[in-house]
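What follows is a set of notes on a single structure, which appears directly below.
The values are calculated or read from the model by the stated rules, or taken from the named source; none is laboratory data. Note that the structure is predicted; figures quoted are calculated from it, not measured. Here the Cβ is made from the backbone with ideal geometry for all residues, glycine too, and neighbour counts use every protein chain on show.
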Amino acid sequence: WILKDIYGDTGRDMASRFLAANPSIKNPNYVPSGAVIKVPTVVEKTRLLGQNDVIVALEQSRELGDIYYSFIEKRDLASIPPIHFVALWNQWEGRQFVIALDRRFADAKEAQTAIRRLPSDLADHARVLSSGGSDTIYFNAMF
């Protein structure tokens, strides 16, 4: 699942890259609890966040570990809409890992409406992210 969550891709090429970056892991479908992993950047699979793309980030961090475990805990909860795990990069914040609502919004107003519909514990920390003309790149092929 980790490849699908992070890259949106579970193909043989992606598995090979992941295993090459993490030689102690023999099976990409099983990562032992507490294992420290490296997440290789796959440049040819990146996409720019579109000029008008707006997303809602429920959580955001520079560190993969804690936010990924938070994503695993949240992804199957009935009380929240579908979510995605997204790795982003931009020149101001560098690499960021984000738990985002599973859709893009037409504008910030629509995104704020979606935030107001969330349970308060999520809405309190949610924020609207947009490219704002920047060079924000995302790495999950499914998003």
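Are any residues in segment 1-37 surrounded by 10 or more Cβ atoms within 10 Å (Cβ to Cβ), among the basic types (Lys, Arg) and either at pLDDT 80 or above or more than 22 Å from ASP66 (Cα to Cα) (or both), and if so, which ones? Within segment 1-37, just ARG17 meets the criteria. Scanning segment 6-41 for residues that are in contact with a helix residue (DSSP H, G or I) (Cβ under 8 Å, 6 or more places away or on another chain) and either small (Gly, Ala, Ser) or assigned by TED's automatic domain parsing to the domain that holds TYR68 (or both) gives a single hit, ALA15. Restricting attention to segment 11-34, the residues that are touching a residue at least 12 places away in the same chain (Cβ under 8 Å) and of a type outside the set (Lys, Arg) add up to 10.
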